[in-house]
Amino acid sequence: MLVKIPQILDAAGVARARALLDAAPWADGRSSAGTQAAQVKNNEQLQPVTEQDREQFRALQALVLQALDGHPGFFSATLPKRVLPPLFNRYTGATNAYGSHVDQAVRYLPQAGSGAQRMRTDISCTLFLSDPADYDGGELVIETTFGEQRVKLAAGDLVVYPGTSVHRVEPVTRGARLASFFWIESLVRSEAQRRLLYEMDLSLMALRSQLGETPALVQLTGTYHNLLRLWADT
Ligand code: NI
């Protein structure tokens, strides 16, 4: 299930992110890729060096995480259990593309102290941070059972798609494409079950806005939550 969620960050949030990113140090993006992906990855990634960099990096991550937190569309589409702290990338100049790959299934959560925790990457996320008018190319192309989906969204918009998908980023031939990317382990591991819950939630919201709260809607909302209870792994 590929879902576009507009305006995760508003214009002020995008401007704040861009101000921090414009001052950030960038490095070869291959450090966060697996062996196959590293062979086709040709971009840059935000790589803090000094303590001040790290502070700004944390501010950027907090900006994105706060925007996600409590966003009803994001919650409904992903049912997040754990969100990997967001990373940031840039496609421009000679480092401008990322060939076809599948993201690593398991990643380590960065955390203080010993005992690194692993998480499963059920859902891949890209938050666009550049105005599409500012660059050519740079489409995120995701292979789905209904063919290729080409995604290029307004700054502040998010796309979420199954971590199982083969995907790539087309070469950027003018300007720069900045984005945040991260992964989610969902409360509901099965993509089919997540899709059913999402579609049911959308229908419930539409019915509620048309009819208000009716006894049948209360019952159906209960069924949604009971399905979630049945399928969720907390
Ligand atoms: Ni990827």
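Can you sort Val106, Val83 by 1.4 Å-probe accessible area, starting with the largest?
Details: Val106 75, Val83 40 Å².
Putting Val106, Val83 in descending order of accessible area: Val106, Val83.
Can you tell which of Pro215, Pro80, Pro162 shows the greatest fluctuation in a Gaussian network model of the chain with Cα springs below 10 Å? Of Pro215, Pro80, Pro162, the Gaussian network model singles out Pro215 as fluctuating most.
Between Val172, Val14, Val49, the residue with the greatest mean-square fluctuation in the GNM of the chain (Cα pairs under 10 Å linked by springs) is Val49.
For the chain, a Gaussian network of Cα nodes joined below 10 Å ranks Leu196, Leu63, Leu187 by mean-square fluctuation, and the top entry is Leu196.
Please calculate how many Å² of accessible area segment 3-186 carries per residue, with a 1.4 Å probe and no DNA, RNA or ligand atoms counted. Walk me through the numbers before you get to the answer.
Working: 8260 Å² over 184 residues.
I get 45 Å² per residue for segment 3-186.
Spin-label model, Ala216 to Ser203: label points 7 Å out along the Cα-to-beta-carbon direction sit 1.2 nm apart. The shape of the chain comes out prolate: with a ≥ b ≥ c from the C-alpha gyration tensor, a/c is at least 1.5 and a/b beats b/c.
Using a ≥ b ≥ c from the Cα gyration tensor of segment 25-136 (square roots of the eigenvalues), is it rounded, prolate or oblate, where a/c under 1.5 gives rounded and otherwise the larger of a/b and b/c decides, a/b for prolate?
Working: a/c = 1.25, a/b = 1.20, b/c = 1.04.
Since a/c stays below 1.5, the shape of segment 25-136 is classed as rounded.
If you take the Cα centroid of segment 194-234 and the Cα centroid of segment 1-64, the two points sit 35 Å apart.
The values are calculated or read from the model by the stated rules, or taken from the named source; none is laboratory data. None of the values given here were measured: they were computed from a predicted structure. Every residue, glycine as well, gets a Cβ built from its backbone with ideal geometry; the counts of neighbours run over all protein chains shown. For the accessible areas, the whole protein counts, side chains as well, though only heavy atoms, and no ligand, DNA or RNA atoms are used. Shrake-Rupley method; radii C 1.70, N 1.55, O 1.52, S 1.80 Å.
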